[in-house]
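**Student:** Once you've had a glance at the structure underneath, I'll fire off some questions.
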Amino acid sequence: MPAVRDRVRVVVQGRGRRAGRAGFARLLWVGAEVITTVGVVVALLVVHQVWWTNRQAAAGAQAQVRALERGWAEGGGGGGEVGEGVVGDGGGGEVPGVGEGGSGGGSGAGEGAAPSAGGRKPVAVGGGGPARDEAYGVLRIPRLGLAVPVAEGVDRRAVLDKGYVGHYPGTAQPGAEGNFALAGHRNTHGEPFRYLNRLREGDEVSVDLRGRRYTYVVGKVLAETSPGDVGVIAPVPRSSVKAGYGYQSAGSYITLTTCTPEYTSTYRLVVWGTLRNVVSATR
């Protein structure tokens, strides 16, 4: 009789171990399903952010370039007609911190606001300058194979996320004495400035505005500076963070800014150029 009880006890213990192993296996299976599902969702989000937004923004930006060129050819619309100069120290308000963004905020934006870069206002022919968020010019960088709309302002959602580059309010317009300063995304949303780091001294950068082409020549590159370094978009651009970077005398400048390293907004990459000539625009 004792032997029978022992055998029964052994059988019961064996079933318990098997049930425990089965429960553990189910737990592992459920955990694996959860991890797989989360991985798929994350992968889809990455694809949407990195690939789909690029396709949408790039296509929209190219359509806007064609619309501007068509409007100019027809002698009609295509943005506010911007004149040659700037008027004195007439306000201009504040401009966002140097980088990709503005009132739209977000990871690509310069945090907060910085003092006005010279307080200058664009002069318009026959009326006001380009309206806020309006695309009114085309930036071309032959080395990068880039042709992208220029819009007034650097709001993230209204300008930069469309694949445009944005003109910092308060800085000069093309051809004027001062600094024509632009910001653009380096990654996602069309990423027009993805390869800005490839520009070298002597490369050409041009801006088309209603039948005129303003051509600048790259002179200096600041590979990395802080988002708050507003000196880089001043009328005479000069880093207020890194000594020795920038210019010392008045002139007609262009400044291109974007985030660096790639896929971060920790620092800013800056490219400067000086005006070479103004000619009739050709397509």
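**Student:** Using the per-residue mean of other Cβ atoms lying within 10 Å as a proxy for protection, in what order, highest first, do the peptides 150-156, 65-71 fall? Before the final figure, lay out the partial values.
**Tutor:** Working: 150-156: 25.9, 65-71: 16.0.
Peptide ranking by packing, descending: 150-156, 65-71.
**Student:** Starting from the Cα of Arg276, move 7 Å in the Cα-to-Cβ direction to define the label point; list residues of the range 193-220 whose amide nitrogen is under 13 Å from there.
**Tutor:** Hits in the range 193-220 for Arg276 at 13 Å: 200-207, 214-219.
**Student:** Separate question: Would you kindly calculate the mean projected area, averaged across all directions, of the convex hull enclosing the Cα atoms of the range 135-283, in square nanometres? Each step should come with its number before you reach the end.
**Tutor:** Details: hull surface 31.4 nm².
Averaged projected hull area, Cα only: 7.8 nm².
**Student:** Among Leu269, Leu28, which comes first, second and so on when ranked by fewest other beta-carbon atoms within 10 Å? List each step's numbers first, then the result.
**Tutor:** Values: Leu269 22, Leu28 10.
Neighbour counts put them in this order, fewest first: Leu28, Leu269.
**Student:** Using label points projected 7 Å from each Cα along Cα→Cβ, tell me how many nm separate Thr36 and Gln56, to one decimal.
**Tutor:** That separation, rounded to one decimal, is 3.0 nm.
**Student:** What does the convex hull of the alpha-carbon atoms of the range 178-220 project to on average, in nm²?
**Tutor:** Numbers: hull surface 15.7 nm².
Orientation-averaged projected area of the Cα hull: 3.9 nm².
**Student:** Using Cβ counts within 10 Å as a stand-in for footprinting exposure, how do Glu74, Glu191, Glu204 rank, fewest first? Intermediate results must be reported in sequence, preceding the final value.
**Tutor:** Values: Glu74 9, Glu191 20, Glu204 15.
The most exposed by this proxy come first: Glu74, Glu204, Glu191.
Values quoted throughout were computed directly from the atomic coordinates according to the rules given, and no laboratory measurement underlies them. In this text, all values refer to a predicted model and were calculated from it rather than measured experimentally. Counting neighbours? That spans all protein chains shown, and the Cβs are built from the backbone with ideal geometry, glycine included.
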